[in-house]
Amino acid sequence: MKTVLIPIPQIDFDPTEVSVPWKVLKENGYKIIFATPSGTSGEADFRMVTGKGLGILSPVLRAKNDDVLLYRELEKSNEFLNPKKYESVKSDHFDVLLLPGGHAKGMRVYLESESLQILVGNTFAEGKPVAAICHGVLLAARSKNPKTKKSSLYGLKTTGLLKSQELLAWNLTRAWLGDYYRTYPTPLQDEVVSFLESSTDFQEGPMPIARDSFANIKPGFSVLDKSYLSARWPGDAHKFARELPEFFG
């Protein structure tokens, strides 16, 4: 039985990008370890869970009802309620790594964690499978492979939250939510591309209009390159999750 490490921030992670892969991995017999900055259970972005503050756009922007139900199930699980602290996790504690995302400001602690960046870089260097979605891709890009001294994603193909997606959500909501949809002033796609060997290594995929689901994964998009699997946003999460058992092995 393989062990999956899922680091998350204390607050503001995306509920779909965590709960959907968690559910699939649990059903396939994986042992799961969560890690947070404090070693206490985290909390998803409340707007994505409840839709509060999203106004008339709530039905489009918040998590789908089925995925919220999965998140409520996740909240009660033993592994979610008993995470490790970032600094206490060692590479021999897990076999494979899953990096979820989210966009609200609470994500910054996760994305800027030196201990996580080192752990992620070492995981790539060891050749263990790494899967990342949305802002999890940014954490992967910011980590350095200790063997090459370059980004862990240098020389790999990847996808991630598209600049067009990020700016559209920001422009639609900034009148009342300000920079809620801008984790950083620089869009994720632009920063990730800056770490890659070539700008063409960032693959945008088809226009992300509809979200996928377990019943219909066709709208989802992911990129596989060697021991690295990536996806763009919650709308890819079900396809991404379905691919994890075969990818992780």
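The values are calculated or read from the model by the stated rules, or taken from the named source; none is laboratory data. Keep in mind it's a predicted model, so treat the numbers as computed, not measured. We place every Cβ from the backbone using ideal geometry, glycine too, and count neighbours over all the protein chains shown. When the accessible area is computed, the model is the full protein with side chains, heavy atoms only, and any ligands, DNA or RNA have been set aside. Shrake-Rupley method; radii C 1.70, N 1.55, O 1.52, S 1.80 Å.
Stokes-Einstein diffusion for the chain at 4 °C, viscosity 1.567 mPa s, with a Kirkwood radius from C-alpha pairs, works out to 73 µm²/s. The loop-placed GluC sites (Glu not before Pro) in segment 183-220, going by DSSP, that have at most 14 neighbouring Cβ atoms within 10 Å of their Cβ come out as 197. Spin-label model, residue 77/residue 1: points 7 Å from Cα along the beta carbon direction are separated by 1.3 nm. Quick check: the distance between the Cα centres of segment 183-240 and segment 56-135, to the nearest angstrom? Here the answer is 16 Å between Cα centres. With only Cα atoms counted, segment 11-81 has Rg and Dmax values of 12.7, 40 Å. Measuring from a point 7 Å past the Cα of residue 246 along Cα-to-C-beta, which residues in segment 129-156 have an amide N at less than 18 Å? Residues 129-132 fall inside that zone. Over 26 Å between Cα atoms: which of 26/226; 23/150; 52/76; 76/239; 2/239 fall into that group? Checking Cα-Cα distances, 23/150 exceed 26 Å. Restriction of the trypsin sites (Lys or Arg not before Pro) in segment 135-236 to DSSP coil positions whose beta-carbon has at most 15 other beta-carbons within 10 angstrom yields 147, 149, 150, 226. Comparing mean-square fluctuations of 19, 222, 77 from a GNM of the chain with C-alpha springs under 10 Å, the top value falls on 77.
In percent, rounded to a whole number, the relative contact order of the chain is 21, using alpha-carbon pairs under 8 Å and six or more apart. Between residue 225 and residue 58, residue separation times 0.36 nm minus the direct Cα-Cα distance comes to 56.7 nm. Roll a 1.4 angstrom probe over the protein heavy atoms and tell me the percent of accessible area of the chain that is carbon or sulfur. Ligands and nucleic acids excluded, carbon and sulfur reach 54 percent. Per residue, the solvent-accessible area of segment 100-177 (1.4 Å probe, heavy atoms of protein chains only, all protein chains present) comes to 38 Å². In a simple Cβ point-charge model (Lys, Arg +1; Asp, Glu -1; nothing else charged), the chain has a dipole of about 80 debye relative to its Cα centre.
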